[in-house]
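The values are calculated or read from the model by the stated rules, or taken from the named source; none is laboratory data. It should be emphasised that the depicted structure is a prediction, and the values quoted were computed from it without experimental measurement. Backbone-built Cβ (ideal geometry, glycine too); neighbour counts: all protein chains shown.
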Amino acid sequence: MSKELSASRRAFIASSIRSAVDLAFAHWEGAPSGYDLDAEFTELLDATIGKGDRNHFALQMAAFLAGLQNGHTWFWDVEAWKGFPDALGFRAEPLGSEWVITRSRRPGIRVGQILERLNGRAPEDLYRELRKFVPASSESSSRRHFFAHGYLFPVRLSLQVDGRKLSLVRLPGKGAPPEEPTSGKWLLPGELGYIRIPSFGDPRHEERAISLVQRFQRGKALILDVRGNSGGSTPERLLNRLMDRPWREMAVSTPQRIGMARAYAHLLEMFEKGEGKGLHLTRDRLAPLEVFRELDRGHMLFPGEVHLPERGYYRGRLAVLVDGGCGSACEDLLMPLKETQRATLVGSSTNGSTGQPLLLEFKEGLRAGVGTKRCYFPDGRPFEGVGIAPDRDVRPTREDMLDGKDPALEVAKEIAASRT
């Protein structure tokens, strides 16, 4: 059983996370309009100190960080929620006005079927109620990943799927899928190779992908499938095996807090709130300090480093299958392939969230991440919450899903076979 938390520990954990946000959070541009960190933190303390059990505290912390609307800023109860990662046994995403099953390991639930009810609730209504707990940089990302947050759902579930009623009982530690390995095969022997890379979370995925690129080295074309790859560590060595031309990394910026800038900006804030009685704060006296508002939220900007091709790179044509499940390190891989036109991207836009979180670990088995790095396309265009658009937008219909068809793969095969 997970250890309960005293009021003092709750206050310490919440304050530590709030301080990390104030110091290092890089994504204020994406926060809701008019967001007030002090007001949100006060509400958090009111809702958690001396109220509810550990799960209540964890959910309130998750909502506090998710409220910043950044996919790399999150809270996780490692000890209490570890038994329920993806333990629903299925995923559903919006398709038009319906929520459609997109993955399933549950008997009787097929990809392409419509999820009509969950514990008597319409999925859309349930999503609107629980959206506040889901960390995401865009609404589309939040919807796509909603059912990945297994800890938000009760142990017992009653479902209505395509008119059929089903009952599920979720057991902690049960139902999590086995890790999919990186794999490859010839689609056309000696000519067209296919590599499926489900993750970059374990270095073995990148190592296996590199060995497969080497295996298909003499092929005329190669298809990479990174759909659903949520990232891990940037696969720099794999990228070097694929790039046949110079390329530039993403530009990045990170907060640079300056004590004096904070002090002067705070004087302006005090004046605007009617505080600081007796300090003789006036608009005329404070006007020269306006410049410190920008400095207080200033960023250091680092242009992307330029790389040259390395020896032994793959020389054939490239097509890459992408979707909204591709994020973080997966997008680090795609950016140069897209921007230099080295590969043709097929599918739908990626997640639009990458960067290095500041990790906070607490002895009770609680963990938080605060996004410290904001990334941009090499030419300065915004990336966060936008993602990388495919060159060919190809999405499966519900009928495709039910029939087991993969239209994006078929288009990628056509592109790979083209000589232009």
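Here are the numbers for the structure shown:
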read-out: Any hit, the range 325-333, residues being crowded, with 23+ Cβ neighbours inside 10 Å, in contact with a helix residue (DSSP H, G or I) (Cβ under 7 Å, 6 or more places away or on another chain) and either over 30 Å from residue 58 (Cβ atoms) or hydroxyl-bearing (Ser, Thr, Tyr) (or both); value: yes
read-out: Lone qualifier among 301, 308 - being more than 22 Å from residue 27 (Cα to Cα), in contact (Cβ under 8 Å) with a residue 12 or more places away in the chain and of a type in the set (A, V, I, L, M, F, W, C); value: 308
read-out: Meets criteria (free of Cβ contacts under 8 Å to residues at least 24 places away in the same chain and among the basic types (Lys, Arg)) for residue 106; value: no
read-out: Residue 313, sole failed condition from (1) outside any helix (DSSP H, G or I); (2) buried (at least 18 other Cβ atoms within 10 Å of the Cβ); (3) aromatic (Phe, Trp, Tyr); value: (2)
read-out: Test: residue in the range 337-345 that is assigned to a strand (DSSP E or B) and assigned by TED's automatic domain parsing to the domain that holds residue 315; value: yes
read-out: Top-ranked residue in the range 354-396 [being of a type in the set (S, T, N, Q) and at pLDDT below 95; ranked as farthest from residue 225 (Cα to Cα)]; value: 356
read-out: Which numbered condition residue 126 misses (of (1) of a type outside the set (Val, Ile, Thr); (2) in contact (Cβ under 8 Å) with a residue 12 or more places away in the chain; (3) in contact with a Leu (Cβ under 8 Å, 6 or more places away or on another chain); (4) farther than 30 Å from residue 372 by Cβ); value: (2)
read-out: Helices (runs of 4 or more DSSP H) wholly inside the range 204-303 that include at least 1 residues being within 29 Å of the chain's Cα centre (by Cα) and surrounded by 13 or more Cβ atoms within 10 Å (Cβ to Cβ); value: 236-242, 291-296
read-out: Failed condition for residue 164, given (1) surrounded by fewer than 16 Cβ atoms within 10 Å (Cβ to Cβ); (2) more than 21 Å from residue 402 (Cα to Cα); value: (2)
read-out: Failed item, numbered, when residue 399 is tested on (1) in the same structural domain as residue 226 (by TED's automatic domain parsing); (2) crowded, with 16+ Cβ neighbours inside 10 Å; value: (2)
read-out: Residue pairs meeting the criteria (Cβ under 6 Å; at least 6 apart or on separate chains; first within 22 Å of residue 39 (Cβ to Cβ), in the range 270-282; second of a type in the set (Phe, Trp, Tyr)); value: 281/271
read-out: Options 41, 12; residue that is among the aromatic types (Phe, Trp, Tyr), more than 24 Å from the chain's Cα centre (by Cα), surrounded by fewer than 19 Cβ atoms within 10 Å (Cβ to Cβ) and assigned to a helix (DSSP H, G or I); value: 12
read-out: The range 368-418 - residue that is part of a helix (DSSP H, G or I) and of a type in the set (Gly, Ala, Ser) and, of those, farthest from residue 81 (Cα to Cα); value: 417
read-out: Residue 306 being among the β-branched types (Val, Ile, Thr), farther than 30 Å from residue 408 by Cβ, surrounded by fewer than 16 Cβ atoms within 10 Å (Cβ to Cβ) and over 29 Å from the mean Cα position of the chain (by Cα); value: no
read-out: Filter result for residue 359 (surrounded by 21 or more Cβ atoms within 10 Å (Cβ to Cβ), without any contact (Cβ under 8 Å) to a residue 60 or more places away in the chain and touching a strand residue (DSSP E or B) at 6+ places or on another chain (Cβ under 6 Å)); value: no
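Quick grid of which residues meet (1) under 23 Å from residue 387 (Cα atoms); (2) in contact with a strand residue (DSSP E or B) (Cβ under 9 Å, 6 or more places away or on another chain):
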residue	(1), (2)
169	no, yes
180	no, yes
194	no, yes
197	yes, yes
207	no, no
216	no, yes
220	no, yes
224	yes, yes
230	yes, yes
